[in-house]
1. Under unit Cβ charges (Lys, Arg +1; Asp, Glu -1), what dipole magnitude, rounded to 20 debye, does region 278-325 have relative to its Cα centre?
2. So which GluC sites (Glu not before Pro) in region 302-388 are both in a DSSP loop and have at most 12 other Cβ atoms within 10 Å of their Cβ?
3. From the phi angles alone, apply the Karplus equation (6.51, -1.76, 1.60; θ = phi - 60°) to region 409-422 and give each ³J(HN,Hα) in whole Hz, x where the residue is Gly or Pro.
4. Compute the long axis of helix 229-238 from its Cα atoms, compare it with the longest principal axis of the Cα atoms of the chain, and write down the angle in degrees, 0 to 90, nearest 10.
5. Taking the alpha-carbon distance from K447 and a cut-off under 15 Å, which aspartates and glutamates remain once sequence neighbours fewer than 8 residues away in the same chain are dropped?
6. Helix 338-348 sits at what angle to the longest principal axis of the chain, using alpha carbons and giving 0 to 90 degrees rounded to 10?
7. Just how large is the dipole of the chain about the Cα centre, in debye to the nearest 20, putting +1 at every Lys and Arg Cβ and -1 at every Asp and Glu Cβ?
8. Straight-line reach from K143: which aspartates and glutamates have Cα under 16 Å away, leaving out those fewer than 8 places along the same chain?
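Here, each number is a calculation from the coordinates, and none is a lab measurement. Just so you know, these numbers come straight off a predicted model, no measurement behind them. Reconstructed Cβ throughout: ideal geometry from the backbone, glycine too, with neighbour counts over all protein chains shown.
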Amino acid sequence: MEMTRKERESEICSLLRPNIRNMVPYSTARDDCKAKMDIYLDANENPYDTGVNRYPSPHQPELKFMLSVLKKVPAENIFLGNGSDEPIDLVFRLFCPPGKSSMVQAVPTYGMYSTAAEINDVRVIDAPLADGFRLDADALLSKVEPDTKVVFLCSPNNPTGNLLDRDAVIRILDSFSGIVVLDEAYIDFSGTASFTEVLDRYPRLIVLQTLSKAWGMAGIRIGLAIADEYVVKVMSRVKYPYNISILDQSRAAELLSDPLQTADRVETIIRERSRLSAALSALPSVEAVYPSDANFLLVKFHDKDNIFSSLIEAGIIVRDRSSAYNCDGCLRITVGTPQENDRLLSVLGAETGDSPDHGCPEGRTAVCSRRTGETSVCVRVNLDRFRKPRVATGLHFFDHMLEQIGYHAGIALDAICFGDLETDDHHSIEDVAIALGDCLLSALGDKSGIGRYGFSLPMDEAEATVLLDLGGRIDFLWDVSFKEMTVGDVSTQMFPHFFKSLTEHLKCNLHIKASGENDHHVIEGVFKAFARALRQAIVRTISTDSGIPSSKGWL
Ligand code: PMP
């Protein structure tokens, strides 16, 4: 049975140090006044504008909003720290009485957990990972002592690179009654889902992530703790009030607004990781390259000292991890750019292998970005290459529907929208429809060789029929009714509006009819049927030489 908010808070509260439980937090001038004022004489700031003469927001609402869209978790569940090091330190300060408590960590692992523990006078208990750096839940649990307040896990783990077994992590969450910190600093390189998905079930789970790795912002120091909203509240009470500077907040917001560039770079790093791993494995000087789900490889050399110095001589620095538990002879090598990796391989005398294709992706592609006072939208499609959709609009049900378009049309579809959801869902949905329509139209180019028409099929108990003609004339017919005002977090009246806006911008004929018992099935049927119709209409069914599928000669 799901726990109530009260039960969750009392479980977390019982784990807090008594002084933290009872503290009266420092309240900043800006905490006391939320409304926008004309003149600020409340914080003893210098009134003359230097660009940074005002204190930053202590709660970073803009960044939290963007991260909540991208991470698909409510903003109330996000704490932002000065790098992940800050929430790591806060975990000890919140939950571990100095001199009277211990933490258990699965070693080898990231060194800051034990450093922060020592600073906070918390005893460190090492639980060795099993063969292949596998997490053995029972072996770790056997290390827990009566004063153990926290277990630290890192997945993908640093320095080993591997993901920890999901069931083993769950077993620890189920069996250990204290705080479990799961550090997912490298999760974006792993292609697996975050443990934030199970936060509802485990109020004692704190997931750490960071903008330092996949997001390329190590220089501006922003780390996330994603946890129960009560944990976030207490962390916020204990942190330094202005822990993230104005410059860091604004630069991070700028970089977060282009998540597709980040996703592309992560894809390249993942491809390069495979290439490096294969090339290094073939070297006689290499004893083992450990499997990695992160942006680095742990490599065991026969003579790591020699390798380390020849790399230094060539101007390349890697990390010697040979002193870490079970890492004899190991260097940790971060995946660089393709050119940097080529240099590394050539210094080591390895074959470079085929460099991945960094040029334009093949196929009919387009990108559309729109920025208004209400939304900032970026949509990108490739009509000829399927890739798992990357969709984030802050509206979970709408995300789910857009993903259906990607999957069922068999296209690569990326759609990111930061919109004014505090108003309602209208502008976000409309603007994504506009950008998607523009993008599809632009990717279709002169439309030569396309099927042009699509038609459709039944879905579940609901029937959805979508007739589509990409011929260039605009006509929209909607014959669908819903029983409820909303499906998930989307208002049902926005569905016809979405397809109407899309029709106008894709310049198509779109007739949609659907009926059924369950609104969710009906609209999911419509999106899938639309995607199937689109798939048939965009596909080049005939050779492009046969030209444009119209007796007029243009579409
Ligand atoms: N967690 C792990 C596992 C790391 O390897 C690192 C940095 N190397 C961090 C956290 C720290 O990240 P940040 O830059 O956010 O402090």
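1. Details: 4 positive and 6 negative charges, 21 e Å.
Using Cβ point charges on Lys, Arg, Asp and Glu, region 278-325 gives about 100 debye.
2. Details: sites: E313, E340, E351, E362, E374; in loops: E351, E362, E374.
Those that pass, being in a loop and sparsely packed, are E351, E362.
3. Couplings: 8, x, 10, 7, 10, 10, 9, 10, 9, 9, x, 7, 5, 5 Hz.
4. On a 0 to 90 degree scale, this one is about 50.
5. Straight-line reach from K447, under 15 Å: D384, D438, D469, D545.
6. It is inclined by approximately 50 degrees.
7. Values: 58 positive and 78 negative charges, 67 e Å.
That gives the chain a dipole magnitude of about 320 debye.
8. Output for K143: D126, D174.
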